[in-house]
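Here is the structure we will look at.
The values are calculated or read from the model by the stated rules, or taken from the named source; none is laboratory data. Source: prediction; values computed, not measured. Neighbour counts are summed over all protein chains in view; Cβ atoms, including those assigned to glycine, are modelled from backbone coordinates with ideal geometry. To get the accessible areas, we keep the full protein, side chains included, count just its heavy atoms, and leave off ligands, DNA and RNA. Shrake-Rupley method; radii C 1.70, N 1.55, O 1.52, S 1.80 Å.
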Amino acid sequence: MKQKSRGVILALIPFALMVLAFQLVPVLSMLTGSFQKADGTGLTLGNYLHALQSAYYMQAIKNSLLISLTSSLIGIIVGLFCAYCITRFTPRVRDRLLMLSNMTSNFAGVPLAFAYIILLGNNGVFTLLFKQWGWSVFTDFDLYSWSGLILVYVYFQVPLALLLLYPSFYGIREQWREAASLLGAGPWQFWKTIGLPILTPAIFGTLGILFANAMGAYATAYALVGGNYNLLAVRIGSLVAGDVVTQPEMGSTLAVLLGLTTILAVYLNHLMVRRTERFGAKALSKPDVKTKSSRRLWTAASEEVGQ
């Protein structure tokens, strides 16, 4: 037994070294670097005061929060409908669509930015083609602006939301749909009373992941707008590896603020998930509904859960 335990410990050593080298050491280096002075002579809180008092850095934080929140909400709404549609297909078609969604969600960074520049840039294929046809579809559209960033972010947010949401639809049993139909409940009443409460924890969980994914996106935004649009991830990169001057201590400070913002968003999302789960369990045990058909629908669903 002792030899087996030693073997397990020895097998975990490479994994522990990988975690230490690529996760813990960079985090510790970032934390310590955020408290260092510019000349490296000592520790200070001035970096955080400067970051929070600077209108330039606060604008970068605000822009990143707005873009992340907007793209996450659009991604969760579109991904929710797409995930439901995928569950309606046959297993063969569904597997192919999921494979396509998986590839699409990983198609990000510089290749995605260049693809959009080729298609929708100032001299993009569709831009010139529609202009030649006399269509004013992209006349006022600027790919290198807020709307362009949102469009590019939504591209990789929607398939990620789809992949995370579609398994939760299989938690809604077909017997509940049949019971709702037999008891006279329409589709809207079924989704309002049964479907959405069951899906809400998965929706909030996916929303937190999408928000963190958008906040940390760097390569796509940098390749698309460079330093022309003030984003937190791009600003951190310019401070750490700028072409003219570098300020690694400020880069570490902004990176810590970025991490704290993401952790706070994920924590609030976790609280909403727990609250929704408690609400759903309470509603299934003691439904508070007004119509008679809704009461019968909740009773049938509760009995089905108990089986």
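Accessible surface for the range 193-242, divided over its residues, is 33 Å² per residue with a 1.4 Å probe. Helices assigned as whole DSSP H runs in the chain whose Cα atoms extend at least 27 Å along their own long axis and whose mean Kyte-Doolittle hydropathy is 1.0 or higher are found at 55-87, 146-169, 196-215.
Contact order, relative form, for the range 49-157: 33 percent (alpha carbon pairs under 8 Å, 6 or more residues apart, mean separation divided by residue count). Report the normalised scattering of the range 1-135 as log10 I(q)/I(0) at q = 0.15, 0.17 Å⁻¹, calculated by the Debye formula with identical scatterers on the alpha carbons. Debye curve over Cα of the range 1-135, log10 I(q)/I(0) at q = 0.15, 0.17 Å⁻¹: -1.11, -1.13. Close Lys pairs in the chain (alpha-carbon distance under 26 Å; sequence gap of 8 or more, or different chains): 7. So how far, in whole Å, is the C-alpha centre of the range 147-173 from the one of the range 24-39? Spelled out, the Cα-based centre of one part sits 35 Å from the other.
Could you tell me which residue out of 20, 125, 59 lies farthest along the dipole of the chain toward its positive end? Charges go on the beta carbon: Lys and Arg +1, Asp and Glu -1, centred on the Cα centre. With unit charges placed on the Cβ atoms, the residue in question is 20. Taken about its Cα centre, the range 116-208 carries a charge dipole of about 140 debye when Lys and Arg each add +1 at the Cβ and Asp and Glu each add -1 at the Cβ. Solvent-free Debye calculation, one equal scatterer per alpha-carbon of the range 1-74: log10 I(q)/I(0) at 0.19 Å⁻¹ equals -0.92.
In debye, nearest 20: dipole of the chain around its Cα centre with unit charges on the Cβ of K, R (+) and D, E (-)?
With Lys and Arg at +1 and Asp and Glu at -1, about 1260 debye.
Apply the a/c threshold of 1.5 to the C-alpha gyration tensor of the range 191-263 and tell me whether it is rounded, prolate or oblate. Verdict is prolate for the range 191-263.
The Cα atoms of the range 64-127 cover 41, 29, 20 Å along the three principal axes, with the biggest extent listed first.
Calculated from the alpha-carbon coordinates, the range 83-206 shows an Rg and a Dmax of 19.7, 58 Å respectively.
For the chain, the equivalent ellipsoid built from the Cα gyration tensor has semi-axes of 41, 30, 21 Å, listed from largest to smallest.
Evaluate the relative contact order of the chain (contact order divided by residue number), counting alpha-carbon pairs under 8 angstrom at least 6 apart; express in whole percent. Value for the chain: 26 percent. For the pair residue 188 and residue 228, a Förster radius of 35 Å applied to the C-beta separation gives a FRET efficiency near 0.20, rounded to the nearest 0.05. Modelled spin-label separation between residue 100 and residue 50, with each label point placed 7 Å from Cα along the Cα-to-Cβ direction: 5.1 nm.
What range in the chain is the longest one free of trypsin sites (Lys or Arg not before Pro) that are in a loop by DSSP and have at most 12 other Cβ atoms within 10 angstrom? Longest site-free region, per DSSP loop and neighbour criteria: 89-289.
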